[in-house]
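A.B. asks: Structure below; questions to follow.
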Amino acid sequence: MPASHKFSHKHLIDIKSLSPEDIEFILEIAEKYVTKNRSKNKSTDILKGKTLMNLFFENSTRTRISFELAAKRMGADVINFSTESSSTKKGETLLDTVLTINAMHPDYIVIRHGESGAAEMVAKKANCSVINAGDGTLNHPTQALLDALTIKRRLGGFKGITVTICGDIKHSRVARSNIDLLSKMGAIVRVAAPEFLLPKDEKVEGVEIFNDFEKALDGADIVMMLRLQRERMDVPTLPIESSYYKLYGLDRNKLEIAKKNAFVMHPGPINRGVEIDSEIADDMNKSLILEQVEMGVAVRQAILEILS
Ligand code: CP
């Protein structure tokens, strides 16, 4: 019961640490912000006097901006750290950067970094709440939570629904966090990818694995497409876009294999004609891509409120 739920975490590093009740609690608080954000007066002063440091060591549009917007709508001050203009360019390490930021007494550090485990390391050194905005190939918990809010609002819940995640599973922190969350909440999770885009050395527990995307689509309620993360690939594993699209790109014909009322999701950024056809991405009756972006602000507001 959210009103009386005790959320006992100081940080948000991964989904694995959260209980199903924690997740339901975050989603219920987020729902309040969905309504608020659609109203004329979007502002509160619930975080007045607090400071959020946005530390993005990797590029971002959705996550960085939505954390900034979330915090500002709640009355907090926001500092955006840019690697390009920071002293990391003079050789300062992540650890020294974090110790420096920590000395300025922020209330939240939001961090995105290319190294898996970076957010956990920062949480051990910082005095304030640390929120993982994506670390290497490991975790992107706020993405999974905003995806969950999007799914819950459309399908009513998670138990027994089938979610097919297709694309570059191997390099995707979005896939890992979504698998953790959806499995925990009782959904059936399928992943579809060519062999070289599936993780080799880790168990993907409770997940059905398909090399054939069309088979993975049969009976799916949600089709979640992922981009090829070329920046994390070894050059020899790069797929040829045209052949990849033929087998793993989502178009109208493939989508017809899924349930009649299936929805399409994508964390963004999308690569049109590589993993998804424009006709599907822009289909307002099928695509939830921009709704995911909207839910991202509300979920991040909920997290800031809960960790305040
Ligand atoms: N989905 C996501 O993390 O997008 P950005 O890289 O734009 O933040």
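The values are calculated or read from the model by the stated rules, or taken from the named source; none is laboratory data. This structure is a prediction, so every number in the text was calculated from the model and none was measured. Note that we place each Cβ from the backbone using ideal geometry, even for glycine, and neighbour counts take in every protein chain shown. Ligands, DNA and RNA are stripped out before the accessible areas are found, and what is left, the full protein with its side chains, is counted by its heavy atoms. Shrake-Rupley method; radii C 1.70, N 1.55, O 1.52, S 1.80 Å.
A.B. asks: Going by what's in this entry, would residue 18 be described as at pLDDT 95 or above, open to solvent by less than 60 Å² (accessible area, probe 1.4 Å) and assigned to a loop (DSSP other than H, G, I, E, B)? I'd like the intermediate steps shown before the answer.
C.D. replies: Details: at pLDDT 95 or above: yes; open to solvent by less than 60 Å² (accessible area, probe 1.4 Å): yes; assigned to a loop (DSSP other than H, G, I, E, B): yes.
In short, yes.
A.B. asks: Please indicate, with yes or no, whether at least one residue in the stretch 182-192 is touching a Cys at 6+ places or on another chain (Cβ under 7 Å) and either at pLDDT 95 or above or of a type outside the set (S, T, N, Q) (or both).
C.D. replies: Looking for residues that are touching a Cys at 6+ places or on another chain (Cβ under 7 Å) and either at pLDDT 95 or above or of a type outside the set (S, T, N, Q) (or both), one finds at least one in the stretch 182-192, hence yes.
A.B. asks: On the given criteria, is residue 294 within 16 Å of the ligand (Cβ to nearest atom) and either in the same structural domain as residue 147 (by TED's automatic domain parsing) or under 20 Å from the mean Cα position of the chain (by Cα) (or both)?
C.D. replies: Values: within 16 Å of the ligand (Cβ to nearest atom): yes; either in the same structural domain as residue 147 (by TED's automatic domain parsing) or under 20 Å from the mean Cα position of the chain (by Cα) (or both): yes.
The answer is yes for residue 294.
A.B. asks: Being assigned to a helix (DSSP H, G or I) and over 17 Å from the mean Cα position of the chain (by Cα) is the filter here; which residues of the stretch 154-193 pass it?
C.D. replies: Just the residues of the stretch 154-193 that are assigned to a helix (DSSP H, G or I), to begin with: 154-155, 173-184.
154, 155, listed by residue number.
A.B. asks: Then there's this: May I ask you to list pairs of residues, at least six apart or on different chains, whose Cβ atoms are under 8 Å apart, with the first in the stretch 50-62 being within 13 Å of the ligand (Cβ to nearest atom) and the second being part of a strand (DSSP E or B) and modelled with pLDDT under 95?
C.D. replies: Here the result reads 54/81; 56/81; 56/82, each pair linking the stretch 50-62 to a residue that is part of a strand (DSSP E or B) and modelled with pLDDT under 95.
A.B. asks: Quick one: in the stretch 260-277, of everything that is modelled with pLDDT of 95 or more and surrounded by fewer than 17 Cβ atoms within 10 Å (Cβ to Cβ), which residue is nearest to the ligand (Cβ to nearest atom)?
C.D. replies: Selected residue: 269.
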